[in-house]
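Only one structure is covered here, and it is reproduced in the block below.
The values are calculated or read from the model by the stated rules, or taken from the named source; none is laboratory data. Quick caveat, the model's predicted, so the values are computed rather than measured. All Cβ positions, even for glycine, are placed from backbone atoms using ideal geometry, and neighbour counts span all protein chains on display. Accessible surface is based on the protein model in full, side chains and every heavy atom, while ligands, DNA and RNA are left aside. Shrake-Rupley method; radii C 1.70, N 1.55, O 1.52, S 1.80 Å.
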Amino acid sequence: MMKKVSSYILLALLGAAGYFLLSYHIIFSGTTVKFLNKSKLTSDYTFICTTNKSVESLMRIDTLREAGIGKVLVEMGRLSKEERESLEQKFDSDPVYF
């Protein structure tokens, strides 16, 4: 009986961990870790390292921009509010070519 209960607890913990990973972008910047809510449950861009990436390359990604990566970059000091607004306007207005 105890073995069955412990297996259910383990399954619940694994399910909660999976849901957490589907719900948040985990952003690494040096020694700082930030969590950003995803706009929808997805496994896209769950782990992001901003150390070696330009601000423009991060803002270019629609999924991250919709989730609010610009605000996080402003908090980190990598971007000013004016630059964030300018980049958001630039990439929101760019047409997508296939």
| query | Considering only protein heavy atoms and a 1.4 Å probe, what is the carbon-and-sulfur percentage of the accessible area of the chain? | reply | 59
| Contour excess over end-to-end distance, with Cα ends at Glu88 and Ser7 and 0.36 nm allotted per residue | 24.5 nm
| query | At q = 0.14 Å⁻¹, what log₁₀ I(q)/I(0) does a Debye calculation on the Cα points of the chain give, no solvent, two decimals? | reply | -0.60
| remark: The FRET efficiency for Thr31 and Thr63, from their Cβ-Cβ distance with R0 = 25 Å and rounded to 0.05, is 0.50
| said: Please compute the per residue accessible area over the chain with all protein chains in place, 1.4 Å probe, rounded to a whole number of Å². | reply: 72
| query | Once you charge only the Cβ atoms, +1 for Lys and Arg and -1 for Asp and Glu, what is the size of the charge dipole of the chain about its Cα centre, to the nearest 20 debye? | reply | 600
| said: Placing +1 on the Cβ of each Lys and Arg and -1 on the Cβ of each Asp and Glu in the chain, which of Gly30, Asn52, Gly18 has its Cα farthest towards the positive end of the resulting dipole? | reply: Gly18
| remark: Farthest towards the positive end of the dipole of the chain, among Tyr8, Phe91, Leu73 and with Cβ unit charges of +1 on Lys and Arg and -1 on Asp and Glu, lies the Cα of Tyr8
| query | How do the peptides 55-66, 24-35 rank, highest first, by the average count of neighbouring beta carbon atoms within 10 Å per residue? | reply | 55-66, 24-35
